[in-house]
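First up is the structure itself, then whatever we jot down about it.
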Amino acid sequence: MKCSIITIHHIHNFGSVFQAYALAHFLEMNGYETEIIDYRPGYYELGRNKLKTIVGRALNRVSYANRKRKFEDFISKYEVLSNKQFSSVAELEMFYKGSDHIFIAGGDQLWNTYHPCGNDGAYKLAFTNSIRKIAYGTSMGRDNYSNEELMKLATSVEKFQSIMLREQSTVGLLRKYVTNPVSHVIDPVGLLDIKEFESIAVEPKIDEPYAVMYLADSGELLDQAIEILSKKMGLKIVHICGFKKKCYCDYFIKDAGPEEILGYILHADFVLSASFHATMFSLMFEKQFATLLPGEDTNARITDLLNYVGLENRVIHCKEELIQLENEIDYFSADQVIKDFREESRAALLRALSEIAEG
């Protein structure tokens, strides 16, 4: 039986492309014919700040072109896409309405209404009449939903046979409004053994200890953290994110592709980020890391993960907490939690698919 996954698979964000790849690859490894539905709605093209995006691309034409090529090469090489590309729910419905595939709304912040995707029926599988629907590793992204928002979401996913969410905090929120089974599972990248990612990662050409800074917001807290990493801990600073320099750095990488970003994290002595997937990969690779929360309504996804593995103290909220950068992480307990979580999540996903196939 064929599995059709709809997720955010094509934007130039290394976490998005890797979670899409990981879910599809895990299913293929377990004998399922799998495709990622090549859904590309227009609202992804320029993002929230269209003017900023246009200006940034124009001023950094070469870097943007290089980065775009690397991401498109990754998608072409590692993602098995549907034969047809879609840009609207109507187009999806024309193609999939009567299909007997197993449909999976998988990974990323698909149901977070802070983003346009959270208000897009495509990610609630509204385009198919199939009863073979599940969600895996889907993120609601935040934990401050109103009753009205939860009721609306519950109505839109009432025909899902299983709902497996990425954040433990949102399981309890949604469970009150649905009759479907709702459970907590690991992000799709966590389904794979780390050797799968190590084989993809490109080793950076840096022969000295370094810290990666990825996606943190500029400001005094970031500057203070970088100063500790650079001057006190003696690490070179590798800045990877966007085209605008946000802090002091020794290396400013504007055009890194997915395999390169993964390699920078894999070989780093320290990872400082505001990214869920940089945090997730730091845990999987047992890196020393700290997370500066982004200034937007999506922080529950990061705090939920770190609370679950018992490393909530790696979130830096203020100057007084910067001491954590110098405190080495003991992975003994967290590593076991992650291993158990991985096995439980693998079993839950395969069990849900088996029940659908037998039903």
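Quick notes on this one:
- Portion, in percent, of the accessible area of region 214-359 that falls on carbon or sulfur, probe 1.4 Å: 46
- Annotation: peptides 267-276, 134-143, 88-97, 121-130, ranked by per-residue average of other Cβ atoms within 10 Å with the highest first, follow the order 134-143, 267-276, 121-130, 88-97.
- Gain on full extension, evaluated as 0.36 nm per residue between ASN313 and GLU358 minus their Cα-Cα distance, stands at 11.8 nm.
- Gyration tensor verdict on region 1-46 (Cα atoms; rounded if a/c is under 1.5, prolate if a/b is larger than b/c, oblate otherwise): oblate
- Amide H contacts under 5 Å for ILE5: GLU35, ILE36, ILE37, ILE104, restricted to partners 5 or more places along the chain or on a different chain, H placed in the peptide plane at 1.01 Å from N.
- Using the Cβ-Cβ distance between LYS159 and LEU350 with R0 = 22 Å, the FRET efficiency computed as 1/(1 + (r/R0)^6) comes to roughly 0.55.
- Shape category assigned to region 51-169 from the gyration tensor of Cα positions, a/c cut at 1.5: oblate
- Contact order normalised by residue count of region 208-346, Cα under 8 Å, 6+ apart, percent: 22
- Summing charges over neighbours of SER354, with a neighbour being any other residue whose Cβ is under 13 Å away from its Cβ, gives +1 when K and R count +1 and D and E count -1.
- What region 77-219 shows is 44 Å² of accessible area per residue, with the surface traced by a 1.4 Å probe over protein heavy atoms.
- Measuring max minus min along each principal axis, the C-alpha atoms of region 104-215 give extents of 54, 29, 23 Å (largest first).
- Three-way shape label, region 273-330, alpha-carbon gyration tensor, a/c 1.5: oblate
- The phi-based Karplus calculation (6.51 cos²θ - 1.76 cosθ + 1.60; θ = phi - 60°) puts the 3J(HN,Hα) values of region 2-8 at 8, 9, 10, 9, 10, 7, 8 Hz, whole numbers, x for Gly and Pro.
- Nearest 10 degrees, 0 to 90: helix 14-29 Cα axis against the chain principal axis: 50
- Over the chain, relative contact order from alpha-carbon pairs under 8 Å, at least 6 apart, %: 15
- Net charge of neighbours whose Cβ lies under 9 Å from the Cβ of LYS84, counting Lys and Arg as +1 and Asp and Glu as -1: -2
- Modelled spin-label separation between ASP223 and ALA58, with each label point placed 7 Å from Cα along the Cα-to-Cβ direction: 2.9 nm.
- Here's how it looks for ILE237: its modeled amide H is under 5 Å from those of ALA211, ASP250, TYR251, which are all 5 or more places away or on a different chain.
- Calculated mean residue ellipticity at 222 nm for the chain: -12000 deg cm²/dmol, from DSSP H runs with n ≥ 4 weighted as -39500 (n - 2.57), summed, divided by the residue count and rounded to 500.
- Shape metrics for the chain, restricted to C-alpha atoms - Rg then Dmax, Å: 20.0, 62
The values are calculated or read from the model by the stated rules, or taken from the named source; none is laboratory data. Keep in mind it's a predicted model, so treat the numbers as computed, not measured. A quick note on method: Cβ atoms are made from the backbone with ideal geometry, for glycine too, and the neighbour counts reach across all protein chains shown. Just so you know, the surface numbers come from the protein's heavy atoms only, side chains and all, with ligands and any DNA or RNA stripped out. Shrake-Rupley method; radii C 1.70, N 1.55, O 1.52, S 1.80 Å.
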